[in-house]
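The structure under discussion appears below in the form of structure tokens.
The values are calculated or read from the model by the stated rules, or taken from the named source; none is laboratory data. All figures in this text were calculated on a predicted structure; none of them were measured in a lab. Heads up: the accessible areas ignore ligands, DNA and RNA and are worked out on the full protein's heavy atoms, side chains in. Shrake-Rupley method; radii C 1.70, N 1.55, O 1.52, S 1.80 Å.
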Amino acid sequence: MRIVLMGPPGAGKGTQAKRVAEMFNMVHLSSGDILRAERGSGSELGRRLKTYMDAGELVPDATVVEIMAKAVAALPADKGLLLDGFPRTVAQGQALDAQLKQLNCPLQAVLVIDVEDAPLIKRITGRRSCPDCGRIYHTEYLRPAVENRCDACKASLTQRADDTEKVVRDRLATYRRQTQPVIAYYKDSGQRVIEIDGSAEPDEVTARVKQALQG
Ligand code: AMP
């Protein structure tokens, strides 16, 4: 199965993506993770990405499309695909459609997990992670045993530069303005679009997603 997973920042895409990809034997490609890895590599491209990403702005279409097209082209043929965070503009959606058509493996569904802005801001600004093992915590909902220390490796927890309130508000506005039209684009082109309320507990959201994809 090949699907696109969409939703505003903080809707729980990352969590759901990992679970769904495992359940349906799909490769999980997160554009945010791929771009963060490039940014962290110290390359010239990485330095350019940093300016956009730290400000919560979208990286230009041509750059993202090139990076994601390489990742899609390198996929093993015997696995499905779950795209997370890509496409985020209609132009990216069109480029992806063209590539998948050429590869003769079109998308089968677009899954949208949505949550209202106020709870999203609370979710994201409290998010912390361990720089060593990648574990995710929350200052309110998922606290470590010792404040600001990873339970597993005791490292000091960090906050993503784009998880501050000002940047989160900008990222949400960008999502509503530039990414929501991608949902309309898919609906207009006859794609199967599944919309799920992401405000429930993560396990409940997973159950709904599973049921929708099996149906
Ligand atoms: P995410 O982890 O998905 O929230 O992505 C983090 C940041 O990476 C975004 O705020 C953008 O700056 C950049 N980014 C990720 N995916 C895309 C995309 N498809 N198009 C443009 N920029 C992206």
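Numbers at a glance
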read-out	value
Karplus-derived HN-Hα couplings along the stretch 115-129 (A = 6.51, B = -1.76, C = 1.60, θ = phi - 60°), whole Hz, x at Gly and Pro	9, 5, 4, 4, x, 5, 4, 5, 4, 6, 5, x, 6, 9, 9
Share, in percent, of DSSP beta bridges within the chain that are antiparallel, nearest 5	25
HIS28 accessible area, assembled protein chains, probe 1.4 Å, Å²	50
Length released on extending from LYS166 to ALA74, taking residue separation times 0.36 nm less the Cα-Cα span	29.5 nm
More than 24 angstrom apart: percent of Cα pairs within the stretch 60-215	49
Using alpha-carbon coordinates, inclination of helix 165-174 to the longest axis of the chain, degrees	10
Extended-chain gain in nm, criterion 0.36 nm per residue less alpha-carbon gap, GLU140 and LEU100	10.3 nm
Kirkwood estimate for the stretch 8-122, i.e. one over the average of 1/r between Cα atoms, Å	15.3
Amide proton proximity set for MET26, modelled H, under 5 Å, gap of 5+	GLY80
Lysine pairs with alpha-carbon atoms under 28 Å apart, the stretch 1-125, spacing 8 or more or separate chains	15
Residues whose placed amide H lies under 5 Å from that of LEU157, excluding near-sequence neighbours	ARG149, CYS150
